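Chemist: The structure that follows is given in the form of structure tokens.
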Amino acid sequence: RLPDGSGGTPLDLTVYFLGERERVERLSPHVRLVTLRPVLSSAATRSADRAEDVCDLAPYHPRLAALLPRHDVWHLTHGFAFATTAVRLHRHAARRPAPRPRLIGSVHTDVPLLASVYARYLAGRWLPGSHPRMEDLLADRAESALRRRRDRLLEPCERVLVPTPEGRAELARVLGPHRVALLRRGVDHALFRPDPTARDWLVRAYGVPADRPLVLFAGRLDASKGVPLLTESVRLLRARGGTPHLVMAGSGAEEDAVRRALGRDVTLLGPLPQDRL
């Protein structure tokens, strides 16, 4: 909604995504979504429940590199091919007399922690038998390597936005507190609002209890989203005489563990479209 022609020169927004083919979706004269094919897709290594997004593991994306110079501000949102390409071009631009683009970043997922979870999954998938020490070693190394990589990519950013105070404190130690701030949340209140009829609908559609407090989780069901902590919290509340019932929308590596830990005290809805969520 922001880029328009009122008040002088309009802002112009382009958002780049990965996709199976290159295409442009124009949302307005000054807003467009551009899909680019990955150079080195991670699709072949996704887990069985396919809860992770496909990412581009290549160190450089030539097509994106050809498109980025037309923009004045580059916003990095992850640590894969698009981000590494932008940082590389930004460093090269510093050697030229022309003004270089402004570089900012935001962190939306704890990718290093997610990488440690994923490393354990791959070890269990590829190594015969049980190897807990090897899994721990691979998980620790993956997390450490991805944290160093993330910090290197964010270092040239003028400003970095993070979702939690803990994330701000962690990156402030690396980047300085003046460069790290909390994200503000945009909520579509036409979709996400109190609805007095929703409880009856949930009971009919999914069989959730009609007379117990409901705890809702929506997102990827893995450790990077705090699912083990939430599961144990609900279990402890039940053990102490509470009556919460956990409702989870999404899928991920922790799904079976949640089901085993909570049994009839959890309803797993799987992935849902936005309107149903």
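All of the numbers you see were taken from the coordinates with simple rules; none came from a lab. The shown structure was predicted, so the numbers you read here are calculated from the model rather than taken from an experiment. When we count neighbours, we look across all protein chains shown, and the Cβ atoms used for this are built from the backbone with ideal geometry, even at glycine.
Chemist: Does segment 198-270 come out rounded, prolate or oblate, given a ≥ b ≥ c as the square roots of the eigenvalues of its C-alpha gyration tensor, rounded meaning a/c under 1.5 and, failing that, prolate meaning a/b above b/c?
Modeler: Oblate shape, in that a/c is at least 1.5 and b/c is the bigger or equal ratio.
Chemist: Looking only at the chain, where both bridge partners belong to it, what percent of the DSSP beta bridges are antiparallel (to the nearest 5)?
Modeler: 20
Chemist: Return the distance in nm (one decimal) between the two label points of a simple spin-label model at H92 and R238, each offset 7 Å from Cα along Cα→Cβ.
Modeler: Label-label distance for H92 and R238, simple model: 5.6 nm.
Chemist: Another question about this same structure. Packing-wise, with mean Cβ within 10 Å as the measure, how do 155-168, 232-245 rank, highest first?
Modeler: Numbers: 155-168: 15.9, 232-245: 13.3.
Ranked by mean Cβ neighbours within 10 Å, highest first: 155-168, 232-245.
Chemist: Moving to a separate point now. Hey, what do the phi angles of segment 245-257 turn into as Karplus ³J(HN,Hα) couplings, whole Hz, using 6.51/-1.76/1.60 and θ = phi - 60°, x for Gly and Pro?
Modeler: 10, 8, 10, 10, 10, x, 9, x, 5, 8, 4, 5, 5
Chemist: Can you tell me the dipole magnitude for the chain around its Cα centre, using point charges on the Cβ only (Lys, Arg +1; Asp, Glu -1), in Debye to the nearest 20?
Modeler: 660
Chemist: Any chance you could give the angle, 0 to 90 degrees and rounded to 10, that helix 165-175 forms with the longest Cα principal axis of the chain?
Modeler: 30
Chemist: Let me ask something additional. Against the longest principal axis of the chain, how steep is helix 132-154, in degrees 0 to 90 to the nearest 10, with axes from Cα atoms?
Modeler: It works out to around 40 degrees.
Chemist: Pop a pseudo-label 7 angstrom from the Cα along the beta-carbon direction at both E22 and A190 and give the gap in nm to one decimal.
Modeler: 3.4
Chemist: Okay, next question. Rounded to the nearest 500, what is the 222 nm mean residue ellipticity of the chain from helices alone, with -39500 (n - 2.57) per DSSP H run of 4+ residues and division by all residues?
Modeler: It lands at -11000 deg cm²/dmol.
Chemist: Would you order S42, S130, S251 from fewest to most other beta-carbon atoms within 10 Å of each residue's own beta-carbon?
Modeler: Least crowded to most crowded, the residues run S130, S42, S251.
Chemist: Please provide three numbers in whole Å: the alpha-carbon extents of segment 59-118 along the principal axes, with the largest listed first.
Modeler: Its Cα atoms span 44, 20, 18 Å along the three principal axes.
Chemist: In what sequence do R150, R26 fall when counting other Cβ within 10 Å, fewest first?
Modeler: Numbers: R150 20, R26 10.
The fewest-first ordering by Cβ neighbours comes to R26, R150.
Chemist: If you compute Cα extents along the principal axes in Å for the structure shown, which of (i) 55, 50, 38; (ii) 77, 55, 33; (iii) 68, 52, 40 do you land on?
Modeler: Of the labelled values, this structure produces (iii).
Chemist: What's the angle, to the nearest 10 degrees (0 to 90), between helix 227-239's Cα axis and the longest principal axis of the chain?
Modeler: Between the helix axis and the principal axis of the chain, the angle is about 20 degrees.
Chemist: To continue, here is another question. So how much slack lies between R152 and R204, counting 0.36 nm per residue of separation and subtracting their Cα-Cα distance, in nm?
Modeler: On the way: separation 52, 0.36 × 52 = 18.72 nm, distance 5.02 nm.
Taking R152 through R204 to full extension adds about 13.7 nm, to one decimal.
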